[in-house]
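Have a look at the structure below before the remarks.
Each value in this text was obtained by applying a stated rule to the coordinates, not by laboratory testing. Remember, it's a predicted structure, so these values are computed and weren't measured experimentally. Backbone-built Cβ (ideal geometry, glycine too); neighbour counts: all protein chains shown.
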Amino acid sequence: MTKNYLAGAALSALLFATPTLAQSAPVDQAELVALLKAQAEEIAALRARLDKIETGHAAAPAASAPQQQAAAPRQTTRASDDAVANSFAPQLAAADLADQSVAQARALQNVSNVTTEWRGGLPIFRSADGKFLFKMRGRMINHVSTTFGSDYDARNITTTGARALRIGIEGAVGPHFFYQFENDFADNTSDVGTMFVGWRDDIGSLSYDVRFGNMFNDRSFEGSGGSDAPPFLERNVVATSIIPQRGFYGIALMPRLFWKTGHASVTLSGDAVDASQPINDSRTILARAHWNPFKTARSLVHLGIWGFDEELSSRGTGALTRNTVIGGRFNGNLRVQTGTLTGGTGTTGYGAEVGGYAGPFWVMGEAGKRVARLNAGRPDFETTAWSVSTGFFITGDLPPYNPRLGTFAQPRVLRPVFDGGPGAIELLARYESIEFSGIPNATEGTAATLGANWYLDSIIRFQLNLIHWNTDNRAGSFTGKDSGQTVSAGFGITF
């Protein structure tokens, strides 16, 4: 049958070529005979080659068994890969390549004869030998918010904005070396986000990785996850205010150690990616650890601690001015403000986390304090913040907790909308408080939020937050006690 197929293919090629010859200039009969002879010789050569192959197969009939055995590991490897991912966190979508364990990386490598696999909304490209892995990554999160009830008309506005508009890549070479890069185009600006290379390995029952590059802080529960990780449209005030002056990112060296019930990390960093080479970078040392003292398939207890110490550049401005979000990110007039504050020499911050989940219900509380040191013998500028939040999946899905990193991540939706299910529906509540003290313009703010999330699948979500906020600013255009309401909604896709 294969012989006939090859002969038919050659004959078809000749037939398709014949009209072309007919449409071209008249062909000499001798040339046509020569062409047919060449075609016949090529078909004969193909038949001889096929006969040789089939003769070899006939001499070794057992060759079909290895082929079947080769196909079996591919299925088994896929199953083991899913098992590894499920044991890693049953409720999570597949982990990023850079956040996988060595076992997960090896499981992906062992998927033979598969060079492209769809996972998490995008394809993973893999070399035939499983050595090289590569995938694109992206994030689109858009918000709209409207504020009313403020004593200041300038605060009662409706605004829109892109919380994140990212495109990036990630990949691995073998089970140990990995890399990641992302660029964010939100607010019509181009900013380098994540950009690092790393190495991972096992030490007995422990595992570790070491990263170098521009990296996101591992600091506080909500502050350690990406913009798509928190269940609310904006991170809580602990994550946004108890933070180094350089912000969420810094070019850093970060070793991390993982064990069965937790992890610990240490970060030594300078400033984030910038073009300020004529001056010294600030220096930040940051550490965080989390522990799950109790963990089952459907319940878990989370404990965490973290802290940092930052030395501001002696040649910098020492600016410590803070304008912290309290009632939604996209109302620029709605902030807890310190007014202009300069002359900082360094900051020290620390915090604690406690929470967990039982089935579809979760609760998380965290608190922190930041002390900013001022020059000229002035008293320290202090920031105190705390937050308590809770949620319940009425569809029975598990909270998207990542036990490897001790933070929220993408959910694994049990019954996606695109498969005829309802998706995952989550109801939320949060109360948070922030206070700036030790400066002439001491101020404070609080916010109570009710929310709902609808996850169509593990990568697409709709969010709604109803926020009642209070501020008492002593500086800026909106001083004195003020309160009001903000309604925010958002749509997000994470690949």
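Data overview
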{"item": "Estimated FRET transfer efficiency (D201, N280; beta-carbon r; R0 30 Å; 0.05)", "result": "0.30"}
{"item": "Extended-chain gain in nm, criterion 0.36 nm per residue less alpha-carbon gap, W118 and N183", "result": "21.2 nm"}
{"item": "Separation in nanometres of the label points that stand 7 Å from Cα toward Cβ, at I493 and K131", "result": "3.5 nm"}
{"item": "Centroid-to-centroid separation of the range 310-337 and the range 402-480 [C-alpha atoms, Å]", "result": "20 Å"}
{"item": "Spin-label pair L427/I169, simplified geometry with 7 Å Cα→Cβ offset, distance in nm", "result": "4.7 nm"}
{"item": "Centre separation in Å (Cα based) which lies between the range 355-395 and the range 178-197", "result": "27 Å"}
{"item": "Residue list for the range 418-439, given a label point 7 angstrom along the Cα-to-Cβ vector of W454 and an amide N cut-off under 16 Å", "result": "418-428"}
{"item": "Potential extension, V371-V144 segment - 0.36 nm per residue separation minus Cα distance", "result": "78.3 nm"}
{"item": "Efficiency of FRET between V102 and D191 - r from beta-carbon atoms, R0 25 angstrom, step 0.05", "result": "0.20"}
{"item": "Highest average packing first - 342-349, 222-229, Cβ atoms within 10 Å", "result": "222-229, 342-349"}
{"item": "Highest average packing first - 358-371, 397-410, Cβ atoms within 10 Å", "result": "397-410, 358-371"}
{"item": "Extension gain (nm, one decimal) between E311 and I157, 0.36 nm per residue minus Cα-Cα", "result": "51.6 nm"}
{"item": "Net charge of Cβ neighbours under 10 Å - reference E182; Lys, Arg +1; Asp, Glu -1", "result": "0"}
